[in-house]
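Every read-out reported here was derived from the displayed coordinates using simple, explicitly stated rules and does not represent laboratory data. All figures in this text were calculated on a predicted structure; none of them were measured in a lab. A quick note on method: Cβ atoms are made from the backbone with ideal geometry, for glycine too, and the neighbour counts reach across all protein chains shown.
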Amino acid sequence: MEDILTCTMGLDVHRDVIVACLIKGELNQKPEVEIRNFSTLRPDMENLKKWVLEQECKNVAMESTGIYWQPIYEILEDCFDEEINILVVNARHMKNVPGKKTDMRDSQWIATLLRAGLLRGSFIPAKSFRELRHLTRYRKSIVRDITSQKNRIDKLLQSSGFRLSAFISDVFGASGRNIIRHLFTHGSITKEELDKCLRTKTRAKIDQILTAVNGSLSKHQQDFLRLMFEHLEQIEAHKKVIEASIDNEIATHSEALALLCSIPGIDVTAASAIIAEIGTNMEFFPSSQHICSWAGLSPGNNESAGKRKSCHITKGNPYLKSMLCEIAWVIAGKRNTYLANWYWRLKSQKGAKRATIALARKILVVIFNMLKNLVPYDDSNYETLRLKCQKRKTDRFISELTKLGYQVVAPC
């Protein structure tokens, strides 16, 4: 391997220890190698930073499992007035590079590959986007907790003989919450009291709903239902606080937010989550294929002896992938749009699951081009492009038939 850097450092990051290897010397000469161990406690990580500054090492690469790289990255990223090159490398990519000696430490191998310019760093967004990620990912967990808590409450009501979900589409809407509050306060409900709890269209089902809640709760069941319902309200109030924080953070990226919201099916919540994952600067990704591969929306390539085997999509970024799939489901329900029509055409050929993944990939490609060119979404442009492609295919087909001697008559 030919060296292109004079001073590099490789970090092998574990939960409790950091193995750092510094390789320094003139190009194409035997360099000096120094290996030190640091703990992952804050004072020792500051010592690692001091060592990097003393050695004037502006090229650092690290391999890590899970989230252990994050505090080290944040400590080192402001070195040399942020003119330091820090790579978080993919372990699979690094191990595929041939030539490692069995007695060489991982940190030394990382530094050696970095010195030769053979490492490619993973995408790490700016600190503001990483902070926004904390909020959007936490919101996703809170929404999951709210759903679990609602299921627990519904399960308690079902086990107590109350079948609210049979006649009320949303048990936790205005009418359902009023009924639940009345039940854990009084233990039972009459028709007059039920009429006061119901709102709008649910009043038409008052007799059916009364039959579904015709029973009583014991003192224990009332107290337990109150505890669960109050906890649900606390989680929902906490969710509103998180969403307010997200709105404050995303306000600095209003231009990108407006671009994403121009796509039918994407609201502020979904747009905030997407921006938090991919940022607004698309220069890191050379093309839309690269960002699709990073997100885990690229099919595998497994072909041998002319036989195509399993082509499951890659793992990628689960937060971005799940959000894009949710958006795809929403768009599929919006008829008379280019993306929805494209989904239904593909679904008839490939099935619902493959069509959903394909639409999620298509949405990401659209988002990539929008953020790169700063152009809002226009459904008519894509429909015009589809018609042009269809006409081009038709013309090509007619041309092939003409070459074979067939006479093609234009339809009247």
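Just report the Cα centroid separation between the range 169-206 and the range 240-273, whole Å.
Cα centres, the range 169-206 to the range 240-273: 35 Å.
Please check which bits of the range 356-382 a label hung off Gln289 would reach, taking the label as a point 7 Å along Cα-to-C-beta and the cut-off as backbone N under 15 Å.
Only 365 pass the distance filter.
Please order Ser64, Ser216, Ser159 by the number of other Cβ within 10 Å, starting at the fewest.
The fewest-first ordering by Cβ neighbours comes to Ser159, Ser216, Ser64.
Modelling each spin label as a point 7 Å along the Cα-to-Cβ direction, I'd like the Ala91/Ser141 distance in nm, to one decimal.
2.2
Could you tell me which of Val213, Ser188, Thr202 has its Cα farthest along the dipole of the range 167-218 towards the positive end, charges placed at Cβ (Lys, Arg +1; Asp, Glu -1), taken about the Cα centre?
Thr202
Checking the a/c ratio against 1.5 first, then a/b against b/c, what shape does the Cα gyration tensor give for the range 167-323?
Prolate shape, in that a/c is at least 1.5 and a/b is the bigger ratio.
Take each uninterrupted DSSP H stretch in the chain, measure its Cα extent along the helix axis, and return the ones at 24 Å or beyond whose mean Kyte-Doolittle hydropathy is at least -1.0.
Long hydrophobic helices here: 219-250, 352-373.
7 Å from Cα along Cα→Cβ at both Lys30 and Ser216: what's the point-to-point distance in nm?
In this crude label model, Lys30 to Ser216 measures out at 9.3 nm.
With r as the distance between the Cβ atoms of Ser165 and Arg42 and R0 = 51 Å, compute the FRET efficiency 1/(1 + (r/R0)^6) and round to 0.05.
My answer for the efficiency is 0.50.
From the square roots a ≥ b ≥ c of the eigenvalues of the alpha-carbon gyration tensor of the chain, which class results: rounded (a/c under 1.5), prolate (a/b over b/c), or oblate?
Oblate is the answer for the chain, as a/c is 1.5 or above yet b/c matches or exceeds a/b.
With charges set only on the Cβ (+1 for Lys and Arg, -1 for Asp and Glu), what does the dipole of the range 129-251 come to about its Cα centre, in debye to the nearest 20?
Roughly 280 debye for the range 129-251.
Quick check for me: using +1 on Lys/Arg Cβ and -1 on Asp/Glu Cβ, what's the dipole size of the chain about its Cα centre, in debye to the nearest 20?
With Lys and Arg at +1 and Asp and Glu at -1, about 2540 debye.
Taking the Cα centre of the range 53-177 as origin and charging only Cβ (+1 Lys, Arg; -1 Asp, Glu), how large is the dipole, in debye to the nearest 20? The partial results should precede the final answer.
Working: 20 positive and 15 negative charges, 205 e Å.
In total the dipole reaches around 980 debye.
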